[in-house]
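The values are calculated or read from the model by the stated rules, or taken from the named source; none is laboratory data. Worth saying up front: this structure is predicted, and the values here are computed from it rather than measured. No Cβ is skipped: glycine too gets one built from the backbone with ideal geometry, and neighbour counts run over all protein chains shown. Just the protein is used for accessible areas: all its heavy atoms, side chains included, with ligands, DNA and RNA removed. Shrake-Rupley method; radii C 1.70, N 1.55, O 1.52, S 1.80 Å.
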Amino acid sequence: MLDGVTEEQLGCWAEELAILLDGLGHLFARPEPREVFADVVQGLLSDAKRKNGWTVAERAGHPNPGRVQKFFNAASWSADALLEEVRSYVGEHLGDPGATLVLDDTQAQKKGRESVGVAHQHCGVTGDVRNCQVMVMLTYAAPGGHTYLDRRLYLPAAWTDDPTRCARAGVPTGTAFATKPQLATQMVERCLADGVLFAWVVADSGYGRDPGLRAMLHGEHLRYVLAVAVDLPLVPPPGKPAPGTKAIKRADDLLPYAKRRDQWERRSCGHGTKGERYYDWTLFAVAVKGEEPASGFEHHVLIRRSTHKKQLAGGRFDFEYAYFLVHAPVGTTLTEAVAQAGIRWQVEEDNEQGKQLTGLDQYQVRKWMPWHRWITCVMLAHAFLAAQRADHLARLSESTGPNPSCEHTSADDAPCGPDATESDRPTRAAGAMIRLTVTALAGLLALTGLAVHPSDDQILARHHWRAEHQTTAAISHYQRRGDPLPPHLRAHAQNPSQKEDPRR
């Protein structure tokens, strides 16, 4: 095959998954949770449209969801121990001293108020305020690929100020309120303590604006490119401002100077599905008010400008601008800073893939411990996909040499830019093919090694299985509220699905 995927490779992926799951068996003291763990991870990697305890149990052939529910809610095993294994696995397959830690949060929309951490808060998925849970995620972005390395559940003050509510949800006693940047700081500190290989830290303005996070990065002599708000306080340089400009006291005060000197460089900050992501960039050396860079480091503000004017708020047409604070050793180039600014998108790719491929936001657990168990299993599933893709591309590169396509070219390669003429643009060469993606690998794995091809009677059995357990759930909801059962549910009050699973 042109992208190197063969029938033998498909079988190898299924075999590698079996080896991985078998190697993690030591995390479970009893055979029952060990078996369910394999069912869960395989279910998360399967082609099921939705991935939760019920669908995982159905795919595995369990007579009811009880074993899966017990695995997340009551079985004796540690999500943190599994997380350590995930981190070790990622380091083994993707570890690189030039890697980047990427911080961001994502949300899972929820109903009600009992799910741990749920509250009316900003939801990045919809861009408004709604009932959701917020999870702060850390992605490990290396030359070979990227995947999750750590996670934290954000608990709003409405939760941490209510010990009774926290106790009902199983939140550990004494858990104090922590902002999202503080949770992100904890994760970076853990990477340092564990000796994780990385060179840079990047994040959006929700984290970049936090002085506590920046102070920790300064203290640890870490390089970063953090998106910041326009009002980032700066120390004005000595002397009077240039005619027609004002003193530089905040990040956006640099914009008139950028327009005046007109030294924008058009560079790509990364590869997108439709080509390079081109912007115009310029860099200013700055002093941040109240903050000193680490010894041998300096601060810069990196300004990004869209390549053409757009219709902005209020109907006006102008360029779009974004600001980044760079903390890096003296002599760091614009090209390096731009590359790191573009890497931030990789955590968004992981969040999208996590939700679409491995059930990151499809869980139906309510309490603290089950939430951490589910998310860590999702992280393992995604890490497996990223690692297998990286290994596949490494083997392919060894056998065929580097891909000569535009995909690997640097930001300085002008012929691939938006201003190139038709004669400059490359045509598809014989044998050219895009590289295998995580999404494509997941689809192949789900349809081969993890595929289940039921017969007609099995399809009907699954339908009856779902109907029985949906009936049980509906009856449970009515009874919990003290409402009378509707007529169509009364005949099924003693549903056979309520019987104990003999394998539990």
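Of the residues Q109, N64, A14, the one whose Cα sits farthest toward the positive end of the charge dipole of the chain, with +1 on the Cβ of Lys and Arg and -1 on the Cβ of Asp and Glu, is Q109. Extension gain, T175 to A29, is 49.7 nm, computed as 0.36 nm per intervening residue step minus the present C-alpha separation.
Charges were assigned to the Cβ only: +1 to each Lys and Arg, -1 to each Asp and Glu. The resulting dipole of the range 129-228 about its Cα centre is roughly 220 debye. Modelled spin-label separation between D231 and A18, with each label point placed 7 Å from Cα along the Cα-to-Cβ direction: 6.0 nm. Given R₀ = 35 Å, what would the calculated FRET efficiency be for A287 paired with Q186, taking r from the Cβ atoms and rounding to 0.05? That gives a FRET efficiency of 0.75.
Suppose we keep just the DSSP beta bridges with both residues in the chain; what percent of those would be antiparallel, to 5? Looking only at bridges with both residues in the chain, the antiparallel portion is about 85 percent.
Spacing of the modelled spin labels on L10 and R277, each 7 Å from Cα toward Cβ, amounts to 3.3 nm. Of [x] 30.0; [y] 34.4; [z] 27.2, which one was derived for mean projected area of the Cα convex hull in nm² from the structure shown? Matching the structure shown: [x].
For E298 and Q364, FRET efficiency with R0 = 41 Å and r from the beta-carbon atoms, rounded to 0.05? In this case the efficiency is close to 0.25.
Ordering H469, V326, L24 by Cα displacement along the dipole of the chain toward the positive end leaves H469 in first place; charges were set at the Cβ atoms of Lys, Arg (+1) and Asp, Glu (-1). Among the trypsin sites (Lys or Arg not before Pro) within the range 58-121, those in coil by DSSP and having at most 10 neighbouring Cβ atoms inside 10 Å are K111. Surface composition of the chain: carbon plus sulfur atoms hold 52% of the accessible area, using a 1.4 angstrom probe and ignoring ligands, DNA and RNA. Sorting 208-218, 480-490 by average packing, meaning the other beta carbons within 10 Å per residue, from highest down gives 208-218, 480-490. Using a simple spin-label model with pseudo-atoms 7 Å out from Cα toward Cβ, Q479 and A157 lie 4.2 nm apart.
Report the charge-dipole magnitude of the chain in Debye, nearest 20, computed about the Cα centre from +1 at each Lys and Arg Cβ and -1 at each Asp and Glu Cβ.
That gives the chain a dipole magnitude of about 1980 debye.
Order 20-30, 143-153 from most to least packed using the mean count of other Cβ atoms within 10 Å.
143-153, 20-30
Separation of the range 48-99 from the range 134-173 is 16 Å, based on Cα centroids. Cβ-Cβ distance of V330 and K246, R₀ of 41 Å, FRET efficiency by 1/(1 + (r/R0)^6): the value works out to about 0.90. Full extension of the chain between S399 and D194 gives 70.3 nm of extra length, using 0.36 nm per residue less the Cα-Cα distance.
Available extension along the chain between K259 and T307 is 15.9 nm, counting 0.36 nm per residue and deducting the alpha carbon span. Cross-link partners of K246 among lysines, defined as those whose alpha carbon lies under 27 angstrom from its own and excluding same-chain residues fewer than eight positions apart: K259, K289, K309, K310. For the range 76-132, GluC sites (Glu not before Pro) are listed when DSSP marks them as loop and at most 14 other Cβ atoms sit within 10 Å of their Cβ; the list is E114.
Each of L436, A337, Y257 was placed along the dipole of the chain (beta-carbon charges, centred on the mean Cα), and the one lying farthest toward the positive end is Y257. Restricting the calculation to Cα atoms, the range 51-158 shows an Rg/Rh of 1.03 when the hydrodynamic-style radius is the Kirkwood one.
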